[in-house]
Every structure is written in C-alpha cells, then in structure tokens.
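Read through the structure below, which is laid out as structure tokens, and then see the notes.
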Amino acid sequence: MSIQTDSLDAIFSDLAVTVVAGGVSGLGVLDEPSTIIAGDQLISTEYVLHCKASSYSEIKSGDTVTVAGVAYTCRTNEKDLDGLTCQISLSKN
C-alpha cells in the first residue's frame, strides 16, 4: 500500500505536535524517551521525531529543533523507507 503525500497531513493531524526548525513550522510525532539499561547502567535516552521529509529534510546534526515548545538538538536525520517521512533523532537541551 502506497501513502500519498497529501495523506500525510491527515496522519500527522491526529497525533502530532508543533515542530519548529530551520524557519519551518509544521507537525510531527515525538516518540518519548525509552531508556536503554545494561545491568544497572543508564546508557542512553532517545527521542525520535517523525515528520514530513518535504518539510524537514534539511535539518542536520547540531541544529535546534523545537517540539511542543521544548528545545532539542538534532543528532541524526534519516528518511524512512517510503522517502516521504523522516526520523530525526534528538537530544534534549
């Protein structure tokens, strides 16, 4: 099944929060942190933002991304398999 680009607005409208980055304001879905633990050691806390690649493909490592009013720093920005959406790995400022 193929997702049409105009269908992305409908998908993001139900679950999304406001995202501002690189002068662009739009919508995205933030996966809240999942803590990775090895034994009793905290290794990493991950934040992943899912958004439209057409709006946020230019965001790069080190850029500031504001999600629902909270500032984060971009770690990586990778397109998903369909090329229509991207996953931006974030660290909290």
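Rule-based calculations on the coordinates, nothing more; no lab input. Being a predicted model, the structure only gives us computed values, none of them experimental. With ideal geometry, Cβ positions are generated from the backbone for all residues, glycine too; neighbour counts draw on all protein chains shown.
Just need the Rg to Rh number for region 7-92, please, alpha carbons only, Kirkwood Rh.
1.00
In what order do Thr35, Thr45 fall by count of nearby beta-carbon atoms within 10 Å, going from fewest to most? Display every interim value, and only then the final one.
Values: Thr35 9, Thr45 12.
In order of increasing Cβ crowding within 10 Å: Thr35, Thr45.
When only Cα pairs under 8 Å and 6 or more residues apart are kept, what is the percent relative contact order across region 7-92? It would help to have the intermediate numbers written out before the result.
Numbers: 183 pairs, mean separation 22.6, N = 86.
Relative contact order, region 7-92: 26 percent.
Please list, or write none, the lysines whose alpha carbon is within less than 17 Å of the alpha carbon of Lys92, excluding same-chain residues fewer than 8 places away.
Lys60
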